[in-house]
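See below for the structure under consideration.
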Amino acid sequence: MSGLLHDRLRHQALCASTFRTPSEVVVWMGAVQAQDYPGASWALALRTHGGLTQAAVDEALATGAIVRTHVLRPTWHFVAPADLRWMLALTAPGIRRQLHACDARLELDARLYARASRVFVRALEGGATRTRAELAVALAGAKIAASGQRLAHLVMDAELSGLICSGPRRGAQFTYGLVDERVPPAPALSREDALTTLAARYFHSHGPATAHDFAWWSGLTLGDARKGAALAGVDQLLLAAPPAPDRAAGAHFLLPNYDEYFIAYRHRDAVLDPSRARNVGVFTSAEYPHQIVLHGRVAGSWRRETSTAAAAVTLKPYGDVSTRETRGLHAAARAFGRFLGLPCTVRH
């Protein structure tokens, strides 16, 4: 197969990957969107060779081999520990500008953010980890009212400051720990070096793409995105406007919601019929949350159902699916079951 879809599938490590660990995938991708943790975990597994499991992703998060935090656009991403501090220094100012409009409504200001950060340090120092609810209790003890969006912004500000990040999961709940206790020191980068590094990571793992795509993915201004691409000396084959969609034969996937294959681009017509989306990469509520990909294009949706004993995948293609394509999707569902460590049935 050839063309845009072939190149993107290959660069995104969805085809012929040699990666075996979550951290290898995250380093290559630069960052992986991760607000839906089960979906993002499956996204990592799809980009490895050798049968990565959910348990292995959980272990990587627990040990700090990967970090889940707010670092690009104002949502969660997986990043590599060595990249956390320089990436935050580059992107946090822009994220804060986006969030500033909410501060007055939530009665938040720099002084209150600083008070909350001191509370978080006291609650987490010495290697402790706390859930968001437990951090809210600590804030209440310091007479800081925090719930809902107000709590979310207080915690996010501490993440953007490089103060706290993900700790091990406690059952189904996420915890937070102190960055300085969970993330080893790493050399700081100048702003130009950070721009260069982030641009190189993005275009080599997501290209062909445009500067507009990179600006969307990173949250940087278009000017900074163009500067980063220039500093990185990005090959023009990677920095390219998408041509007309082609057919990437044999590329059959069950991709999770928010997968980098489509969420990482400002314009997605090459892989997605625009009539199937509303806003930016948000699919209509009548469809299932995850995406079927056939021949490199989104060709339907699917949902997952899991219990302690079994898993099920329900498929909803947009049109007719050939026998060969059906076999490919059933194989993908079996791989999903192996990832979970559960038998997996397919429903149509």
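Would you mind ranking T53, T48 so that the residue whose beta carbon has the fewest other beta carbons within 10 Å leads the list? Walk me through the intermediate numbers first.
Details: T53 15, T48 21.
Ranked by crowding around the Cβ, least crowded first: T53, T48.
Among A133, A194, A89, which one shows the biggest mean-square fluctuation in a GNM of the chain, springs joining Cα atoms closer than 10 Å? Largest GNM mean-square fluctuation: A133.
What's the longest uninterrupted piece of the chain once you rule out the GluC sites (Glu not before Pro) that are loop residues per DSSP with at most 13 other Cβ within 10 Å?
Values: sites that count: E107, E125.
Here the longest run is 126-348.
Seen through its C-alpha gyration tensor, with square-root eigenvalues sorted a ≥ b ≥ c, region 66-182 comes out oblate because a/c lies at 1.5 or above while a/b is not bigger than b/c.
Remark: spin-label model distance A172-H212 equals 4.0 nm, labels positioned 7 Å along the Cα→Cβ axis. Annotation: the residues T345, T63, T308, sorted from fewest to most other C-beta atoms within 10 Å of their own C-beta, follow the order T308, T63, T345.
Take A230, project a point 7 Å from its Cα along the Cβ direction, then tell me which residues of region 173-206 have their backbone nitrogen under 20 Å from it. Only 190-204 fall inside the zone, counting backbone N under 20 Å. The simple Förster model, with R0 at 51 Å and r as the Cβ-Cβ distance, assigns H267 and H49 a FRET efficiency of 0.95.
What order do you get for K316, K143, K227 when you list them from fewest to most C-beta neighbours inside 10 Å? Don't skip to the end; give the middle numbers.
On the way: K316 15, K143 8, K227 18.
Ordered by Cβ neighbours within 10 Å, fewest first: K143, K316, K227.
Each residue, Q35 and A335, gets one label point 7 Å from its Cα in the Cβ direction; the gap between the two is 2.7 nm.
Using a Gaussian network model of the chain with C-alpha springs under 10 Å, which one of A172, A34, A92 is most mobile by mean-square fluctuation? Largest GNM mean-square fluctuation: A172. Label separation (R105 vs S117): 2.5 nm, computed from points 7 Å beyond Cα along the C-beta direction. Of the listed values [x] 19.7; [y] 18.8; [z] 17.7, grab the one calculated as mean projected area of the Cα convex hull in nm² from the structure here. Among [x] 19.7; [y] 18.8; [z] 17.7, the one calculated here is [z].
With a Förster radius of 30 Å applied to the C-beta separation of T308 and R132, the computed FRET efficiency comes to 0.75.
Note on R347 and D180: the extension gain reaches 55.5 nm, defined as 0.36 nm multiplied by sequence separation minus the Cα-Cα distance.
Every number in this text was worked out from the coordinates using simple rules, so none of it is lab data. Bear in mind that the values here come from a model prediction, so they are computed numbers and not experimental data. Don't worry about glycine lacking a Cβ; one is built from the backbone with ideal geometry, like all the others, and counts go over all protein chains shown.
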